[in-house]
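Everything below concerns the one structure shown next.
The values are calculated or read from the model by the stated rules, or taken from the named source; none is laboratory data. Since we're looking at a predicted model, the values are computed, not measured. Cβ placement follows ideal geometry from the backbone for every residue including glycine, while neighbour counts extend to all protein chains displayed.
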């Protein structure tokens, strides 16, 4: 069915309410907008279902949520997991709570119990709830750090990790076959006998496990001065409590951003990866009133960090935070236990992780991008009786322990504070510790560039460009010889020096990666959750200036290549 036919079908469908139909009628004559809303159904990507709010199958709305949930219900019941129930939570975004109620209404009508959080809650608590309730699945309504006009729908499997591609494909295929009339839902789900509210006991259990995981080290300066902002999201009740219960006494919040607000009025994007997100925090911090500033995104699964430097503050990137935390946590593991420990990162995370884990004698696993792959590896490690110590990705996501199976900014905020307090007790800052690590292991610098697409035509052009690159045989980039080319879609690693090929033992994904003879690395991948293509550039040498110059050359050369490719 083409876009115009789908558009007319929605206008004529008795299941669609009059307010939605009026929104659709106002689109008459706007052919591009109608096409964008109706040319396809929203698909499950690395972060689940995500899109702009609005009417149409390619938008987030009540009907898309119902269809997705009916598809999920069908899959759960077919797989014999429906009786175990589904945990549901949401963040502070527009219509999030309405979408949770709509999803729960479909589930209970399909004889599936639901465990529903009463208030907005960080994503990691939803992952925790799936495991605590022994549920068959979980639903988190969130669009993470996207602009206010977006919302989304993440699905979790029974182990608390996000669904993998095979289950996502199952749900998508079922969803494609459903019409709105196929959806059944309760008119009053809250009163349904299969509805259960998640109570304070679950929060209490989470904090107890958090304290057991992060007890702190004997040397800790708990007078560490911390400034925190939830960026109008879910973290406002959770991060300060975690810090307080761990003994930190000097924790302040950015009051203008403490209350949840669906419009995120004080930031361009509620994204702790962006410097603008720290603007109010820097203003409040003044000239050095705090040792550490932390910001979490709306659903509380990512954290950004700024550190006191002279009379101002320096932002760490996601790789730097991950390296510092890995090094800190590895120090706490007794020597005789390290061989059984595993650290997990992704194929676009800094290569600096390799010399650090080698130093401590622990195993490193690198997965595809997306924390669901880290969670999947955690389950495999359990079966092997190996200890998952820490996992992180460059996009500001971190996790330790086994009781949560998704990145956890509440946990990471506490770990960052404890790490800073430990080094403060030794008379050094986290920035100084990072310098020490660079001097020891090499200067690894990375840069990320995103190319946003504003239409399906632009996105298709990007797909053709990536396919063109797949067929080309680069031997140098910016004058640097390339040794390794990895095509993760074909599952092949090619050594251009030895002229050999090796299979890549990971799920297939549309990612291309080049590695120079010196260990520099360039990766190109379409985003799984947003209309973007991402370019990751990393350079390394034993000299800071040399690495900076090389990084700039690599970025410039590949940016020129991408720009020309997208103009075709």
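So in region 23-50, with the set limited to residues that are out of contact with any helix residue (DSSP H, G or I) (no Cβ under 9 Å at 6 or more places or on another chain) and part of a helix (DSSP H, G or I), which one is surrounded by the most Cβ atoms within 10 Å (Cβ to Cβ)?
Among them, the one singled out is 23.
State whether the residues of region 474-481 include one that is touching a strand residue (DSSP E or B) at 6+ places or on another chain (Cβ under 9 Å) and within 16 Å of residue 525 (Cα to Cα).
Checked region 474-481: no residue is touching a strand residue (DSSP E or B) at 6+ places or on another chain (Cβ under 9 Å) and within 16 Å of residue 525 (Cα to Cα).
How many residues are part of a helix (DSSP H, G or I) and within 21 Å of residue 505 (Cβ to Cβ) if we restrict to region 373-411?
Within region 373-411, residues that are part of a helix (DSSP H, G or I) and within 21 Å of residue 505 (Cβ to Cβ) number 11.
Just to be sure, is residue 273 touching a strand residue (DSSP E or B) at 6+ places or on another chain (Cβ under 9 Å) and not assigned by TED's automatic domain parsing to the domain that holds residue 416?
Yes; evaluated as a whole, the condition is true for this residue.
In the set 381, 434, which member is surrounded by fewer than 24 Cβ atoms within 10 Å (Cβ to Cβ), out of contact with any helix residue (DSSP H, G or I) (no Cβ under 9 Å at 6 or more places or on another chain) and at pLDDT 95 or above?
Details: 434 fails: out of contact with any helix residue (DSSP H, G or I) (no Cβ under 9 Å at 6 or more places or on another chain).
Residue meeting the stated conditions: 381.
Which one of 304, 318 is at pLDDT 95 or above, farther than 30 Å from residue 386 by Cβ and crowded, with 21+ Cβ neighbours inside 10 Å?
304
Can you pull out the residues in region 356-372 that are assigned to a helix (DSSP H, G or I), touching a strand residue (DSSP E or B) at 6+ places or on another chain (Cβ under 9 Å) and either assigned by TED's automatic domain parsing to the domain that holds residue 505 or within 17 Å of residue 325 (Cβ to Cβ) (or both)?
Answer for region 356-372, where residues must be assigned to a helix (DSSP H, G or I), touching a strand residue (DSSP E or B) at 6+ places or on another chain (Cβ under 9 Å) and either assigned by TED's automatic domain parsing to the domain that holds residue 505 or within 17 Å of residue 325 (Cβ to Cβ) (or both): 356, 357, 360, 371.
Return yes when residue 508 is under 19 Å from residue 467 (Cα atoms), under 25 Å from the mean Cα position of the chain (by Cα), assigned to a loop (DSSP other than H, G, I, E, B) and modelled with pLDDT under 95 and no when it is not.
Working: under 19 Å from residue 467 (Cα atoms): yes; under 25 Å from the mean Cα position of the chain (by Cα): yes; assigned to a loop (DSSP other than H, G, I, E, B): yes; modelled with pLDDT under 95: yes.
So residue 508 fits the description; yes.
Only one of 87, 105 is out of contact with any strand residue (DSSP E or B) (no Cβ under 7 Å at 6 or more places or on another chain) and either at pLDDT 95 or above or not assigned by TED's automatic domain parsing to the domain that holds residue 238 (or both); which?
Just a single option satisfies the conditions, and that option is 105.
Here are some residues: 99, 117, 128. Which one is in contact with a helix residue (DSSP H, G or I) (Cβ under 6 Å, 6 or more places away or on another chain) and farther than 27 Å from residue 178 by Cα?
From the options 99, 117, 128, the qualifying one is 128.
Tell me which residues, restricted to region 465-479, are touching a residue at least 12 places away in the same chain (Cβ under 8 Å) and assigned to a helix (DSSP H, G or I).
465, 466, 468, 469, 470
Please go through region 341-359 and give me each residue that is surrounded by fewer than 19 Cβ atoms within 10 Å (Cβ to Cβ) and over 25 Å from residue 535 (Cα atoms), ordered by number.
Answer for region 341-359, where residues must be surrounded by fewer than 19 Cβ atoms within 10 Å (Cβ to Cβ) and over 25 Å from residue 535 (Cα atoms): 358, 359.
Being crowded, with 24+ Cβ neighbours inside 10 Å and outside any loop (DSSP other than H, G, I, E, B) is the filter; apply it to region 51-63 and report the residue that is modelled with the lowest pLDDT.
51
Looking only at region 485-505, filter to residues that are part of a loop (DSSP other than H, G, I, E, B) and surrounded by 17 or more Cβ atoms within 10 Å (Cβ to Cβ); which one of those is nearest to the chain's Cα centre (by Cα)?
Ranking the qualifying residues of region 485-505, first place goes to 488.
Considering (1) in contact (Cβ under 8 Å) with a residue 24 or more places away in the chain; (2) closer than 25 Å to residue 565 by Cα, say which one residue 443 fails and leave the rest.
Every listed condition holds for residue 443 apart from (2).
Just checking, which of 191, 218, 173, 177 is surrounded by fewer than 17 Cβ atoms within 10 Å (Cβ to Cβ) and at pLDDT 95 or above?
191
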